[in-house]
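The values are calculated or read from the model by the stated rules, or taken from the named source; none is laboratory data. From a predicted model like this one, the values you see are computed outputs, not experimental measurements. Cβ placement follows ideal geometry from the backbone for every residue including glycine, while neighbour counts extend to all protein chains displayed.
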Amino acid sequence: MSNVKQKRDSAYRKKRLSKEAPKIYDDLLAGKYPSVRAAAIAAGIVKEQSRLARLKSDFLRATPAEKKQFLNWLLSVISKRPLPTPRTGIHPLVGTDGLLLKSVRSDIQDIMDRRRLKPADVCEELGFSRLDPTWLGAYTRRQPPKQAFLDKLPAWLAKHSK
C-alpha cells in the first residue's frame, strides 16, 4: 500500500468522466464545456466549495500580517454598516427573535378552537382586515407582528381566556 496521494489532474478527471459520465465527456470533447473541471463539476465528480468555505480556507492560509490587515478591513466595513442586533423581547408576547412566542400562539389557537374561529375572524375582532397579512404572518410564525397588533392582542387574550 502506497502513501502517495493520487494526482487529481485533468487527465484523471477525463478518465473518470469517460467512465462515470460518458454524455458529459462527449459534450466536453465537443467543446460544450470550457474546461475539464467545469465538466467534472457538472458530472458531480468535483464538488465546488461555497464562497464561505473558500473565504475560511484563504483566511487560514494567510500570513499573520495578512490576517491582521484583513481583520482591520473587516472591522472598518462593519463599523460603517453595523450588523443587525437581535430583538430583545421588548414585548411580553414576543421572543428575542421578534416573533410571537409559541405559548402565545398556543393560547390564540386554544381560544380559536374553543370559539370555533378562523384566523380571519380573530383578525376582524382585533380591528384589522379579515385577511391582514400582518396578523396572518405573525400567527403562522413567518414574520414579526406589528406594534398595532401587539397593542390589541393582550386585551383580546384576557377577554377570551378561560
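Residue by residue, here is whether (1) in a helix (DSSP H, G or I); (2) modelled with pLDDT under 85; (3) crowded, with 16+ Cβ neighbours inside 10 Å; (4) not hydroxyl-bearing (Ser, Thr, Tyr) holds:
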site: ASP58; (1), (2), (3), (4): yes, no, no, yes
site: LEU74; (1), (2), (3), (4): yes, yes, no, yes
site: THR88; (1), (2), (3), (4): no, yes, no, no
site: THR96; (1), (2), (3), (4): no, yes, no, no
site: ASP121; (1), (2), (3), (4): yes, no, no, yes
site: GLY127; (1), (2), (3), (4): no, no, no, yes
site: ARG142; (1), (2), (3), (4): no, yes, no, yes
site: PRO145; (1), (2), (3), (4): no, yes, yes, yes
site: LEU153; (1), (2), (3), (4): yes, no, yes, yes
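Scanning the range 114-162 for residues that are of a type in the set (S, T, N, Q) and over 26 Å from the mean Cα position of the chain (by Cα) yields SER129, SER161. When the range 1-53 is limited to residues that are among the β-branched types (Val, Ile, Thr), free of Cβ contacts under 8 Å to residues at least 24 places away in the same chain and part of a helix (DSSP H, G or I), the one that is surrounded by the most Cβ atoms within 10 Å (Cβ to Cβ) turns out to be ILE24.
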